[in-house]
Amino acid sequence: MNDAAHSALRSWESFYVIVGSSAGALTGLQFVVLTLITESGAIRGSPETLSAFGSPNIVHFCAALLVSAIISAPWNSLGPPALAVGVAGACGFVYSVMVLRLALRQRDYRPVLEDWIWHATLPMLAYAGMVLAGILLTRVPAVLYIIGGAALLLVFIGIHNAWDTVSYVMLERTRELRAKAAAARASEHRPATPSAPAAGHHVAPHSPHSGPRADRH
């Protein structure tokens, strides 16, 4: 590896230590959050919904961790890391397209504009940047800034989407609990309806010939 390329990669070591360690820690935290939500009974969506809005967060964190490991590895030239980053970006872009299809197909949640930006547009942009940087890295080492920006963007995407998912599930859970509490209060204040006559007791109908006036005949 020439001195310029070696110096370029060495200057990014601290950056990728921060990004990689953050992505790894957030990946583990995501497992804990999903486990707690599942145990609380707040998730009742279809597998397509989970694959469209839950699983991609893990993939984005893992992609950021993978890029950090690739750039931090002791390469002898820029060719292998360029190829590895380009392949990782291509796989991530294809996966993002699949996620977009799942988001369009699922029926449990209707995404808004913010969801399309964070769950589809920005991931595709990050992975496309990795592909472009992988193609140009051997000729233009300055594209390391694109790789670093893409890795950091993936971490922020994962953080935003994970928090968005947790807050949505908790809000839905809160609404459900409030609705149940309101229904319980309404049933407690509802006036009791008169009970029907007990079985075995016959109430004789009123007859105009019954009573004292009937004895006169």
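Points worth noting:
- Debye log10 I(q)/I(0) at q = 0.11, 0.14, 0.16 Å⁻¹ for region 3-178, Cα point scatterers: -0.49, -0.74, -0.90
- Take the Cα of THR174, step 7 Å toward its Cβ, do the same at TYR109, and the gap between the two points is 1.7 nm.
- By average C-beta atoms within 10 angstrom, highest first, the peptides 86-93, 98-105: 86-93, 98-105
- Segment PHE31..ALA73, full-extension length gain: 12.4 nm, with 0.36 nm per residue of separation and the alpha-carbon distance subtracted.
- ³J(HN,Hα), Karplus 6.51/-1.76/1.60, whole Hz, each residue of region 60-68, x for Gly, Pro: 5, 4, 5, 5, 5, 5, 5, 4, 4
Quick note: the coordinates plus some simple rules give every number you see, no bench work behind them. The model shown is predicted, which means the values in this text are computed figures rather than measured ones. All Cβ positions, even for glycine, are placed from backbone atoms using ideal geometry, and neighbour counts span all protein chains on display.
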